[in-house]
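Data block below; observations after.
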Protein chains: 2
Amino acid sequence: MLKIAIVGYGNVGRAAREAVDAAPDMVLVQVAEAPGVPIPEDLKDIWVTDLRDVRADAALLCLPSRLCPDAAETLLSMGINTVDAFDIHGEIPAVKARLDAVAKVHGTAAVLSAGWDPGTDSLLRALFEAMAPRGISYTDFGPGMSMGHSVVAKSKAGVKNALSMTMPVGAGVHRRMVYVELADGAALADVTAAIKSDPYFSHDETHVIPVADIGALQDVGHGVRMTRKGVSGDTHNQLFEFSMRINNPALTSQVMAGCARAAVRQTPGCYTMIELPVVDLLPGERDEWVKKLV
Amino acid sequence: MLKIAIVGYGNVGRAAREAVDAAPDMVLVQVAEAPGVPIPEDLKDIWVTDLRDVRADAALLCLPSRLCPDAAETLLSMGINTVDAFDIHGEIPAVKARLDAVAKVHGTAAVLSAGWDPGTDSLLRALFEAMAPRGISYTDFGPGMSMGHSVVAKSKAGVKNALSMTMPVGAGVHRRMVYVELADGAALADVTAAIKSDPYFSHDETHVIPVADIGALQDVGHGVRMTRKGVSGDTHNQLFEFSMRINNPALTSQVMAGCARAAVRQTPGCYTMIELPVVDLLPGERDEWVKKLV
């Protein structure tokens, strides 16, 4: 049995617990959270509040992206394999180089950006590229909530709470539907102008809609549609499409759990999902999956 | 540059030549065919008729499946990495064990069943399994020609030529549309009865349709639709779908060309596509793809 620690017990951490409990080859040995966070009664025996107390084969870092690199570095240097869903695309190469160096020194492995985008979508983009090396791929997200855009909208003066939905227009273009709870005395026109002029929104068609209660709108469903039209060899018009409709934290944490298996099966270093054999994400024997799936 | 030999110059072999020519990191150094096959003028300098004369980094085995294991064994033992699109699903584990042993002795690598099914579809089935470990996957083929079913239909008394189309009904069920050119004096009713009672057709809804000229119907387009509805962690109703519409030999040979890169990048042994990092199918540097696709 693979001993798993969950680091961070928010939406993704709670879903990760379900993924670990459902896995035939994993046992949850610890949950790590910051001091002061209320401890669920049924987790009190395995709850820790200091990363340095973590003892496990692999740790699932269910933390905000910006906190992942430091936590991974600490754990990797303690001999613990790590998995995170770090999603700041532009920073992935630098974080990968940093974790790769630490992992190699300490004989551990990290899987970086192991969610659905980056993550399984990245793997599909790579596969599509291999199937048709010339062509154009599009990734259309949603409908689903964007955490990043919601936080930016919420930060504007006059906004008490906000939720930004990403709506797919097609060909990688997105519309933003921003639902806002206005503070007392705030004018919708001012809030709308502030949101629309922010760089997060200024390039997309954006609608700002006042609502009484953001809580009544919350739903962690999300989706994606990826398409590629391209050329295999000298043959044009090869058409590929992938789509999914999913519960976001449930899928993210399920992918992370699979990548914990892959982490312990790799040689030391830091890997993204396009660098892992997919069979390594699955429990049990490689030969059984070859027989069943190939 | 990776030196590539193409073994077998039928539909897939000709498409493989286009894939190799289009690759920035490959050069076609040989084409091997049986003695007696007409030699295309522009290939006469690199044409060989004996496998033992092949000299290359990797060989693409564009042969009927039943000829692949022996050819792969010969080449692997000569120090040449191999890729094939062996598609007899039930025999894959045994062939894999056999090629794995030979490859390890001779320090070479084989990629087995590197087409689209088995091949990229297998990889997607494995990915879907990792994303939702509980649930049901369906693979629906077509519309497209089935070579195996066409050969069986053609073997019946009274059939001059035949083409069997696979039509997707859904949930992994298929309908067979069998177009036949009848021999002089043959009765459609007899031919229909013979085809429908063959084990290849008896489990599926089958229609037999007489036509004047099979050649006028031939088209190497094919397609697939794969779906999975399953459970991530404890969350049900996770929905995944992949579909494609493709030229069959063009995609098969493109995947094979990518797997030639992967073969030279693996440690000795025999691999199916679920055991390969997808990035190894792509040309150039791993870090560039991480930056571009993850």
Report, ordered by the first and then the second residue, all pairs with beta carbons closer than 9 Å, sequence separation of six or more or different chains, a first member in the range A:91-112 that is under 16 Å from A:ALA263 (Cβ atoms), and a second member that is among the aromatic types (Phe, Trp, Tyr). A:VAL95/A:PHE86; A:LYS96/A:TYR271; A:ASP100/A:TYR271; A:ALA109/A:TYR271; A:ALA110/A:TYR271; A:VAL111/A:TYR271; A:LEU112/A:PHE86; A:LEU112/A:TYR271
Cβ-Cβ under 7 Å, sequence separation 6+ or interchain: first residue in the range A:230-246 and within 14 Å of B:VAL255 (Cα to Cα), partner polar (S, T, N, Q) and outside any strand (DSSP E or B). Which pairs? A:SER232/B:GLN254; A:GLY233/B:SER253; A:GLY233/B:GLN254
(1) closer than 23 Å to A:ILE136 by Cα; (2) assigned to a loop (DSSP other than H, G, I, E, B) all hold for A:PRO283 apart from (1)
Turns out the strands (runs of 3 or more DSSP E) fully within the range B:133-203 with at least 2 residues that are modelled with pLDDT of 95 or more and of a type in the set (Val, Ile, Thr) are B:134-141, B:159-170, B:173-182
A:ASP57 passes all but one of (1) of a type in the set (Asp, Glu); (2) without any contact (Cβ under 8 Å) to a residue 60 or more places away in the chain; (3) surrounded by 14 or more Cβ atoms within 10 Å (Cβ to Cβ); which number fails? (2)
Considering only the range B:258-279, how many residues are open to solvent by less than 10 Å² (accessible area, probe 1.4 Å) and more than 8 Å from chain A (Cβ to nearest Cβ)? 6
If we keep just the residues of the range A:113-141 that are open to solvent by 10 Å² or more (accessible area, probe 1.4 Å) and under 27 Å from A:LEU60 (Cα atoms), which is nearest to the other protein chains (Cβ to nearest Cβ)? A:ARG125
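Going by what's in this entry, would A:VAL255 be described as in contact (Cβ under 8 Å) with a residue 60 or more places away in the chain, open to solvent by less than 10 Å² (accessible area, probe 1.4 Å) and at the interface with chain B (Cβ under 8 Å from one of its Cβ atoms)?
Yes, satisfied.
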Matching residues in the range A:212-243 - criterion: being at the interface with another protein chain (Cβ under 8 Å from one of its Cβ atoms) and either touching a helix residue (DSSP H, G or I) at 6+ places or on another chain (Cβ under 8 Å) or surrounded by 24 or more Cβ atoms within 10 Å (Cβ to Cβ) (or both): A:VAL231, A:SER232, A:GLY233, A:ASP234, A:THR235, A:GLN238, A:PHE240, A:PHE242
Mind checking which residues of the range A:89-107 are open to solvent by 60 Å² or more (accessible area, probe 1.4 Å) and either among the β-branched types (Val, Ile, Thr) or under 18 Å from A:ILE6 (Cβ atoms) (or both)? A:VAL105
Strands (runs of 3 or more DSSP E) wholly inside the range A:1-120 that include at least 1 residues being touching a Cys at 6+ places or on another chain (Cβ under 8 Å): A:2-7, A:58-61, A:81-84, A:109-111
Mind listing just one residue for me: the one in the range A:280-292 that is facing another protein chain (nearest Cβ under 7 Å) and over 21 Å from A:SER122 (Cα atoms) and, of those, most open to solvent (accessible area, probe 1.4 Å)? A:LYS291
Which one of B:GLY90, B:GLY148, B:GLY185 is out of contact with any helix residue (DSSP H, G or I) (no Cβ under 8 Å at 6 or more places or on another chain) and within 11 Å of chain A (Cβ to nearest Cβ)? B:GLY90
Return yes when B:ARG66 is open to solvent by 10 Å² or more (accessible area, probe 1.4 Å), among the basic types (Lys, Arg) and modelled with pLDDT of 95 or more and no when it is not. no
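The values are calculated or read from the model by the stated rules, or taken from the named source; none is laboratory data. Everything numeric here is computed off the predicted structure, so don't read it as measured data. Cβ coordinates were reconstructed from backbone atoms using ideal geometry, including for glycine residues, and neighbour counts include every protein chain displayed. Keep in mind that these areas ignore ligands, DNA and RNA; they rest on the heavy atoms of the full protein, side chains included. Shrake-Rupley method; radii C 1.70, N 1.55, O 1.52, S 1.80 Å.
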